[in-house]
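Single-structure report; data block below.
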Amino acid sequence: MNYRHGYHAGNFADLAKHAALLVLLRLLREGQKSLRVVDTHAGAGAYDLSDPDFARSKEAEAGIKHLLSHNVPDNLRPLADYVRAKNAAVGFHTRVGLYPGSPVLTLDHLRADDDYIGCELRPDDYGLLRARVEPRGHAIQADGYAIATEVAKDSDDHDLLYLIDPPFELPGDYAAIVTTLAEVLDLRPDARALVWLPVKDLETLDSFLRHMERDLEGADIVAAEVRLRPLWNPMKMNGCALVAVNAPEGFAQTLEAIAGDVVAVFGEAGGVAKVQRL
Ligand SMILES: C[S@@+](CC[C@H](N)C(=O)[O-])C[C@H]1O[C@@H](n2cnc3c(N)ncnc32)[C@H](O)[C@@H]1O
């Protein structure tokens, strides 16, 4: 496994994903049951943006640092305010030295009775994840797809939210997401999920969405595309997509607004935000 999220932490794609995750958590906190969040691909929990190795990619500079040094649009403001507060709490008042990943962001927005399970395979990032989430949350060094189904078997007293955010180093991730969600929804038709995907070319995303539509019959599926530029060069990451399964009322509109704001801040000529319900 070559992928290490530290090189990409705080880039535009993280911002789109984490802004959407914040909205989902806010809506789900209104539920009666306690919430269990399963982060199938958790990463290191939070990222030190001054790490010279990671900083070399300049992705945080073009992402969160760029965002916080400009007028922040409305739908990215909750995330921007949270990242600023998180930095201030550790003494970074004038610069962004830390970027909270999905584990830390989620734990910071759960109620006392809610719980968090994060899966990470890399030994180095698993060690960091564990240090950052335990004992409040639970870190597991295991395949997140397998854990997703196990948790669905044993969570009757919880609402379930899955965050599925693989590195897509292997083409098998697309099929694994659909298979895992089909198994989870078989056990728990009310489970919810937010899936992150890269957008390079249209064919790959379209084929993934067709499989979701075919194999997750009965689920409510909303897909948002954040295209920073036209998809002329399929070797480049031209944007990202967020696919929500069984999202609560009101989420789709906010997702569309977030996608629009990300394109407005980070997009080039020909960039576009699109949302469709499958
Ligand atoms: C895109 S990063 C996760 C970022 C994180 N969700 C966030 O938003 O802060 C994907 C992570 O998944 C890990 N990974 C890859 N395959 C995995 C698997 N099958 N199960 C669990 N973790 C995996 C990688 O090592 C990497 O740290």
> Order of 29, 84 from fewest to most other C-beta atoms within 10 Å?
Replying inline: 29, 84
> For segment 133-187, what does the alpha-carbon gyration tensor say about shape, rounded, prolate or oblate, given a ≥ b ≥ c as the root eigenvalues, a/c under 1.5 as rounded, and a/b over b/c as prolate?
Replying inline: oblate
>> Quick check: from the Cα gyration tensor, does segment 189-278 come out rounded (a/c under 1.5), prolate or oblate?
In response: oblate
> How many nm is it between the label spots at residue 150 and residue 134, if each spot is 7 Å from the Cα in line with the beta carbon?
Replying inline: 1.4
>> Give me P(r) over the chain, computed from all C-alpha to C-alpha distances, binned every 10 Å, as integer percentages.
In response: 7, 31, 40, 21, 3
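If you rank 116, 7 by fewest surrounding Cβ atoms within 10 Å, what's the result?
7, 116
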> How many nm separate the modelled label positions at residue 143 and residue 4, each set 7 Å beyond the Cα in the direction of the Cβ?
Replying inline: 2.5
>> Give me the net charge for the shell around residue 79: Cβ to Cβ below 12 angstrom, other residues only, Lys and Arg +1, Asp and Glu -1.
In response: 0
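Treat every Asp and Glu Cβ in segment 5-221 as -1 and every Lys and Arg Cβ as +1, leave all other atoms uncharged, and give the resulting dipole magnitude about the Cα centre to the nearest 20 debye.
Working: 23 positive and 37 negative charges, 192 e Å.
Using Cβ point charges on Lys, Arg, Asp and Glu, segment 5-221 gives about 920 debye.
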> At a Förster radius of 25 Å, what calculated FRET efficiency corresponds to the Cβ-Cβ distance of residue 121 and residue 74, to the nearest 0.05?
Replying inline: 0.10
> Which shape class, rounded, prolate or oblate, goes with segment 1-86 when its Cα gyration tensor gives a ≥ b ≥ c as root eigenvalues, a/c under 1.5 marks rounded, and past that a/b bigger than b/c marks prolate?
Replying inline: oblate
> So between residue 276 and residue 235, what do we pick up on full extension, going 0.36 nm a residue minus the alpha carbon distance?
Replying inline: 12.3 nm
> Of 19, 9, 35, which is farthest along the charge dipole of segment 1-42 in the positive direction, counting Lys and Arg as +1 and Asp and Glu as -1 at C-beta?
Replying inline: 35
> Roughly what would the spin-label model give for residue 108 and residue 51, points 7 Å off Cα along C-beta, in nm?
Replying inline: 1.8
> How high is the relative contact order of the chain, given as a whole-number percent (alpha carbon pairs under 8 Å, six or more residues apart)?
Replying inline: 22
> When 155, 207 are ordered from fewest to most other Cβ atoms inside 10 Å of their Cβ, what list results?
Replying inline: 207, 155
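Since every read-out is calculated from the coordinates, none of them should be taken as a lab result. Note that this is a predicted model, so its numbers are computed, not measured. Cβ sites come from the backbone with ideal geometry, for glycine too, and all protein chains shown count toward neighbours.
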